[in-house]
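Below is one structure, written out as structure tokens, with a few remarks after it.
The values are calculated or read from the model by the stated rules, or taken from the named source; none is laboratory data. This structure is a prediction, so every number in the text was calculated from the model and none was measured. Cβ atoms come from the backbone with ideal geometry, glycine included; neighbour counts cover every protein chain shown. Note: areas computed on protein heavy atoms with side chains; ligands, DNA, RNA excluded. Shrake-Rupley method; radii C 1.70, N 1.55, O 1.52, S 1.80 Å.
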Amino acid sequence: MSKAQIGNKVRLLRFMEGEMSQAELAKRTGVTRQTILALEACKYSPSLELAFRIAEVFDKPLEDVFIYQRKLL
């Protein structure tokens with residue numbers, strides 16, 4: 001059996017955007033800073049809508065921001 005996890009490059013992209021804070025990204029996407037923190041730590045998988053909003057902030061395609069990782073148990 002396998003378990004899937006959504007990886008991401010959000011932290012890297014924030015720093016490439018002039019060291020954007022978690023609070024700024026949260027404000028621009030309509031979520032809390034804690035949501036961004038959990039997302040960056042891979043403790044939270046975003047909704048499809050939030051994933052698209054985050055990709056839009058960075059002007060990147062979804063697949064450049066998020067990675068589908070399948071892990072074998």
Quiz item: Where does helix 48-57 land angle-wise versus the long Cα axis of the chain, in degrees 0 to 90, nearest 10?
Solution: 40 degrees
Quiz prompt | Summed residue charge, Cβ within 15 Å of Ala23's Cβ, Lys/Arg positive, Asp/Glu negative | solution = +1
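With a cap of 16 neighbouring Cβ atoms within 10 Å, and only residues DSSP puts in a loop, list the GluC sites (Glu not before Pro) found in the chain.
Those satisfying the criteria are Glu17, Glu19.
How much area per residue is accessible in the range 20-73 when the probe is 1.4 Å and only protein heavy atoms are counted (Å²)? Write down the numbers at each step before the final one.
Details: 3600 Å² over 54 residues.
Ligands and nucleic acids excluded, the result is 67 Å² per residue.
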Self-check item: the chain: equivalent-ellipsoid semi-axes (sqrt of 5 x gyration tensor eigenvalues, Cα, Å)
Solution: 22, 13, 11
Self-check item: Percent carbon-and-sulfur accessible area, the chain, ignoring ligands, DNA and RNA, probe 1.4 Å
Solution: 53 percent
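Using +1 on the beta carbon of Lys and Arg, -1 on that of Asp and Glu, and nothing else charged, what's the dipole of the chain about the Cα centre, debye to 20?
Working: 12 positive and 9 negative charges, 76 e Å.
Dipole magnitude for the chain comes out near 360 debye.
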